[in-house]
Amino acid sequence: MAGFSYLKSVRGSSLYWRNAGNFVDDLGIAFRFSGLLSARAFSSSGDAETRNGQRQDGLKHDPLSGLLQSFGFTSVQAVKVSKSLPDAYSVEKISPKLRFLRSVIGSENDVIRYVTANPRVLASSLKNQLEPNCRFIKSILEDDDLVAKCIRRSSRILTMDLEGNLAAKVSFLRGYGFPNASIARLMRNCPSILALSFSKLEESLKKAENFGFVPSNVRTVSAIKVINQMNESYWEEKVEAFRKWGWSDDEFVSAFKRQPSIMCFSEEKINKGMDVFLNRFCLSASDIAKYPCMIFFKLERIIPRCSVVALLHSKGVFGDRPLSISTYAGALMAREEAFVKRFVDKYPEHVLDLWRKLRHEAVV
């Protein structure tokens, strides 16, 4: 399998123990930055919002469920969350946590989705876990909105043990060579990676390294995310889909390094895109490997734009030189207004009718 060898567990490796032990430094960051979050992020005052000032009937029989419904949870959601918590958890314990989550995450609906996905967040200590974790995340991301996005993307990041897990993972990544900007990118875009075990995290890092990714590469975070999402058989299925269209293993590795998210495409999308590029526009598989981002686009965009470019080339607009794959790629990546200005408005006598026809067909 192209550049994708599975590794043995490395939790006991010297690298793990050397870097996990540095969590104290990162934990210190959390508390040095404890004053950075805005006042809204840690306000504990005020009551949970109610619907027109009325509490649901369930409040009388199940105060916790009633509190959740008054906050906006449906009765089904409230019962699910309530049953996930120990009987000892009272309204007095839960209400401040809901207010905290609302102040940090954002809207009421965001909080409902978050708590429903991970009810145990309400069983975590506000002072000893939720607030310190949030402060630590803020020390990395430095922006309240980014903190909110990070938390919304990972239902577990607030409930992870800070001292032995979250801060230790950051120290581990720093020891591996990741600069702060890359760690922030990982925390912002795929915080679930930080919930992996140390052995699984290092395994993913090693696999990315096998492809030639280095910690300073801006695409390394995307590569780790994609690698972690796939098992060996599913990975091989995607590689085989590209092989069928003529990619060698080296071309696959090259394309993956340029655009790791190509592995997230369905086989149907891969087949449709490659078929159009190779059979309709006579491009080569090697061409697409150089610009794998071209497969990102829908056929409704690919066919009209590439047809216009091909027609202009046949009219000699670009001179006698062969039509470059970079011209097709540039046409696809351009914004609509920029494409029309460069390729349509400039040569209306050649392509305007074709452009209108294909655009109409794409819409229909």
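Values in this text are rule-based calculations from the coordinates and carry no lab data. Being a predicted model, the structure only gives us computed values, none of them experimental. No Cβ is skipped: glycine too gets one built from the backbone with ideal geometry, and neighbour counts run over all protein chains shown.
So for Trp355, Trp235, fewest C-beta neighbours within 10 Å to most, what's the order? Mind showing how you got there, number by number?
Details: Trp355 22, Trp235 18.
Final ranking by Cβ density, sparse to dense: Trp235, Trp355.
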> In segment 339-353, which residues have a backbone nitrogen under 20 Å from the label point lying 7 Å from Ser314's Cα in the Cα-to-Cβ direction?
Replying inline: 343-353
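For Val218 and Leu146, compute 0.36 nm times the residue count separating them, minus their Cα-Cα distance, and round to one decimal in nm.
Values: separation 72, 0.36 × 72 = 25.92 nm, distance 1.80 nm.
That works out to 24.1 nm of additional length.
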>> Restricting to lysines 8 or more places apart or on different chains, can you count the pairs in segment 232-326 with Cα atoms under 30 Å from each other?
In response: 22
>> Please report the projected area of segment 173-293's Cα convex hull averaged over all directions, in nm².
In response: 7.4
> Mind listing the Cα extents of segment 265-363 along all three principal axes, in Å, largest one first?
Replying inline: 38, 33, 21
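Just want the ordering: Cys282, Cys150, from fewest to most Cβ atoms lying within 10 Å of their own Cβ. Each step should come with its number before you reach the end.
Details: Cys282 10, Cys150 26.
Result, fewest neighbours first: Cys282, Cys150.
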> Within segment 272-303, which chymotrypsin sites (Phe, Trp or Tyr not before Pro) sit in a loop by DSSP and count at most 13 neighbouring Cβ atoms inside 10 Å?
Replying inline: none
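Neighbouring Cβ atoms within 10 Å as the yardstick, rank Tyr114, Tyr234, Tyr176 fewest first.
Details: Tyr114 21, Tyr234 11, Tyr176 14.
By the 10 Å Cβ count, ascending, the order reads Tyr234, Tyr176, Tyr114.
Compute, for segment 265-363, the length of the dipole vector about the Cα centre, with Cβ point charges of +1 (Lys, Arg) and -1 (Asp, Glu) only. Units Debye, rounded to 20.
Working: 16 positive and 12 negative charges, 37 e Å.
Magnitude of the dipole: close to 180 debye.
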> Separation of segment 162-214 and segment 290-364 by C-alpha centroid, Å?
Replying inline: 40
